[in-house]
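To keep things clear, I will list the structure first and then write my remarks on it.
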Amino acid sequence: MNSRVMTLSMLFAMTAVACYAAKPGDNSWSQWRGPLRDGKSTSTGLLQSWEDQQPQALWSLDGMGSGFASVSIADGMLYTTGNFKDQGQGVVAINLKTKEVAWKQVLTDSIPQHGYKGSRCTPTIDGDRLYVVLSDGTVACLSAKDGDVKWKHNFQEDWKGKKPNWGFAESPLIDGDKLVCTPGAEGALIVALDKMTGKEIWATDATDALGKKGKDDAGYSSIMISEGAGVRQYVQLVGKGVVGVDTETGKLLWNYNPVANGTANIPTCIVDGDLVFASTGYGAGACLLKLSKDGTGVKAEEVYYLDGNVFQNHHGGMIQLGDYIYAGTKHGKGIPICIEMKTGEIQWGGDIRGEGKGSAAVTYADGHLLFRYESGDIALIEATPEEYRMKGKFMPEYQEQKSWAHPVVLDGLLYLREQNKLMVYDLRK
């Protein structure tokens, strides 16, 4: 393992930048985990400690519906998904200037039935359109202006996708002219659709190719773009582990099964050049994979595997900053941890009691990590590999059920979805 690890030191200087619907520097949070799907905000000038001055509550608004989805923001509008009583699941748009609901569009005939009822998907904004995957498998394109439905499909009806125990949880990817998503079906593990018409471009047939561990479904993760081994590909964590799929043909390029567990594979993978880092909870652990050419294809080689007692991200996501990864570890506990990506060595944490209870959804902004715990508590932790430095915490004015929606930081403001309520806080100095 040591010889393989040493060869990785050169790889970090060769990181490829993927092309997403929004570019770095855009004044938006246009999709799941931000413009680059990495959980990093570009906001600066923020409070560097909450010990003496805590974030100030600015305003709040009801009308989001019930669910655990985060929010996306562009052009003065905020979008999220929710269950609306006696109606179904759909999308709601908020005018941030007037602080009012601009429109609501229900897309299902009834409330989707599964464990922990409610929406999961953060809408993806692409120009004057937005795209969603609802928890019953509905995938739809809407007008960002008024919610008019341009087209829609359903994973279960159109591709025979198997609904996971807790519903479909993907936030769809827009890549050029394609919408890419994960029905998790036999013969259609991942599909690419024409984003304007919804017509199928290709489907990934991964039948009998994904290993023995895990479940034959879509998992609960969202797709990343990789240029690993010089081949443009989609990287996704599915029920059977991590897969790489050719962006032009949908061909399965490689798969890695050991990180799968038999319950739920959730966190979005970290992609860096030829490297892919993935983790799941339920005791599974984490892995670093190196992608390389294999004839006309691509192979994924394990650099290291971390047992679940060392590192496992249940859900809440992971943040890569340079050579280091920050996250909550331990199943359902959100224990702060920092590891070196290229070696898997713990820099700090893993045994530090968090400032809240339950798993932690993590976002980066201005040198710090915001850990939003399931209990609602939000902690400010300095993003440094040197040591664990907690810089304060606060409890939002409202908390209900489990605070799983990822926090969003844009233009110095913190946006928190809590079931039917949206809360906005000022993080600026």
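The values are calculated or read from the model by the stated rules, or taken from the named source; none is laboratory data. Computed from a predicted model, the values in this text were never measured in an experiment. Cβ atoms come from the backbone with ideal geometry, glycine included; neighbour counts cover every protein chain shown.
Numerical summary
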read-out	value
Cβ-Cβ under 8 Å pairs, at least 6 apart or on other chains, the range 383-401 side modelled with pLDDT of 95 or more, far side aromatic (Phe, Trp, Tyr) and not in a loop (DSSP other than H, G, I, E, B)	Ala383/Tyr326; Ala383/Tyr364; Pro385/Tyr324; Pro385/Trp348; Glu386/Trp348; Glu387/Trp348; Tyr388/Trp348; Pro396/Tyr425
Options Asp158, Asp175; residue that is within 21 Å of the chain's Cα centre (by Cα), closer than 23 Å to Thr247 by Cβ and surrounded by fewer than 22 Cβ atoms within 10 Å (Cβ to Cβ)	Asp175
Flag if Ala264 is in contact (Cβ under 8 Å) with a residue 40 or more places away in the chain, of a type in the set (Gly, Ala, Ser), touching a strand residue (DSSP E or B) at 6+ places or on another chain (Cβ under 7 Å) and within 30 Å of Ala69 (Cβ to Cβ)	no
Checklist (1) surrounded by fewer than 17 Cβ atoms within 10 Å (Cβ to Cβ); (2) among the hydrophobic types (A, V, I, L, M, F, W, C); (3) touching a Phe, Trp or Tyr at 6+ places or on another chain (Cβ under 8 Å) applied to Ile381, failing item	(1)
Test set (1) under 24 Å from Ala360 (Cα atoms); (2) touching a residue at least 40 places away in the same chain (Cβ under 8 Å); (3) not aliphatic (A, V, I, L, M) - Trp103 fails condition number	(1)
Qualifying residue in the range 4-11 (condition: at pLDDT 95 or above, in contact with a Phe, Trp or Tyr (Cβ under 8 Å, 6 or more places away or on another chain) and either surrounded by 22 or more Cβ atoms within 10 Å (Cβ to Cβ) or not acidic (Asp, Glu) (or both))	no
Selection from the range 318-338 of residues that are at positive phi and either modelled with pLDDT under 95 or surrounded by fewer than 24 Cβ atoms within 10 Å (Cβ to Cβ) (or both)	Gly322, Lys330, Gly332
Filter result (within 19 Å of Ala69 (Cβ to Cβ) and part of a strand (DSSP E or B)) within the range 359-370	Ala360, Ala361, Val362, Thr363, Leu370
Check on Ala218, touching a helix residue (DSSP H, G or I) at 6+ places or on another chain (Cβ under 9 Å) and either more than 22 Å from Val139 (Cα to Cα) or in a loop (DSSP other than H, G, I, E, B) (or both)	yes
Within the range 67-155, strands (runs of 3 or more DSSP E) holding 1 or more residues that are crowded, with 24+ Cβ neighbours inside 10 Å, at pLDDT 95 or above and of a type in the set (Phe, Trp, Tyr)	77-84, 129-133
Positions within the range 179-220 being under 19 Å from Leu134 (Cβ atoms) and surrounded by fewer than 16 Cβ atoms within 10 Å (Cβ to Cβ), in sequence order	Glu200
Residue ID - surrounded by the fewest Cβ atoms within 10 Å (Cβ to Cβ), chosen from residues in the range 221-252 that are part of a strand (DSSP E or B) and among the β-branched types (Val, Ile, Thr)	Ile225
Number of the condition not met by Gly354 [criteria: (1) over 21 Å from Trp29 (Cβ atoms); (2) more than 18 Å from the chain's Cα centre (by Cα); (3) modelled with pLDDT of 95 or more]	(3)
